[in-house]
Amino acid sequence: MMTGQKTRLMSEINVTPFVDVMLVLLVIFMVTAPMMTSGVKVDVPQTSHDRLDVDAKALVVSVDASRKVSINDFQLAPEDLAAELPRILESKQAEEVYLKADRTLPYGFVMSVMASIREAGVEKIGMVTESAPSPDKKR
């Protein structure tokens with residue numbers, strides 16, 4: 001029973017539930033983030049150069065062994081590349097395009113894709129390769 005005293009409302013915020021929820025969300029995002037990476041499987045040539053930094057706004061045009069052309073994850077026909085690329089470049093505000101072509105593709109086909117990229121008005125085109133393992137690391 002109350003003896004005439006008025007109960008006061010608690011005016012402090014309890015942050016413990018907030019911290020608990022944030023930690024759970026952090027763990028969920030840490031577990032699911034590696035699963036969110038997607039892309040086109042391309043067996044690129046190996047070279048003996050060092051890794052270069054890629055601009056985050058740059059687009060990657062991938063061509064797989066079956067001659068399917070993809071811009072990041074958006075697939076399109078090779079003949080539509082020159083028409084679609086300017087619109088995509090404008091929406092992404094990208095200045096550079098990286099070409100990632102399968103090593104088994106004929107040189108002529110890769111050059112025709114590169115010509116389509118040039119027709120779209122791109123002046124900076126980079127070729128994506130993998131670093132070859134050094135002879136010392138094979139042991």
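The values are calculated or read from the model by the stated rules, or taken from the named source; none is laboratory data. Fair warning: this is a prediction, and the values are worked out from it, not measured in the lab. Neighbour counts run over all protein chains shown; Cβ positions are idealised from the backbone, glycine included.
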Return the pair list, or none, for Cβ contacts closer than 6 Å from residues in the range 111-131 that are within 20 Å of residue 83 (Cα to Cα) and at pLDDT 80 or above to residues that are β-branched (Val, Ile, Thr) and part of a helix (DSSP H, G or I), at least 6 apart or on different chains. 125/117
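Of all residues in the range 87-116, which are surrounded by 13 or more Cβ atoms within 10 Å (Cβ to Cβ), closer than 13 Å to residue 58 by Cα and of a type outside the set (Gly, Ala, Ser)?
Within the range 87-116, the subset surrounded by 13 or more Cβ atoms within 10 Å (Cβ to Cβ) is 88-89, 92, 94-103, 105, 109-110, 112-114, 116.
In the following step, the residues that additionally are closer than 13 Å to residue 58 by Cα were identified as 88-89, 92, 94-100.
Within the range 87-116, 88, 89, 92, 95, 96, 97, 98, 99, 100 qualify.
Look at residue 32 and say whether it is out of contact with any Gly (no Cβ under 9 Å at 6 or more places or on another chain), at pLDDT below 85, exposed (fewer than 12 other Cβ atoms within 10 Å of the Cβ) and of a type outside the set (A, V, I, L, M). Show your work before the answer.
On the way: out of contact with any Gly (no Cβ under 9 Å at 6 or more places or on another chain): yes; at pLDDT below 85: yes; exposed (fewer than 12 other Cβ atoms within 10 Å of the Cβ): yes; of a type outside the set (A, V, I, L, M): yes.
In short, yes.
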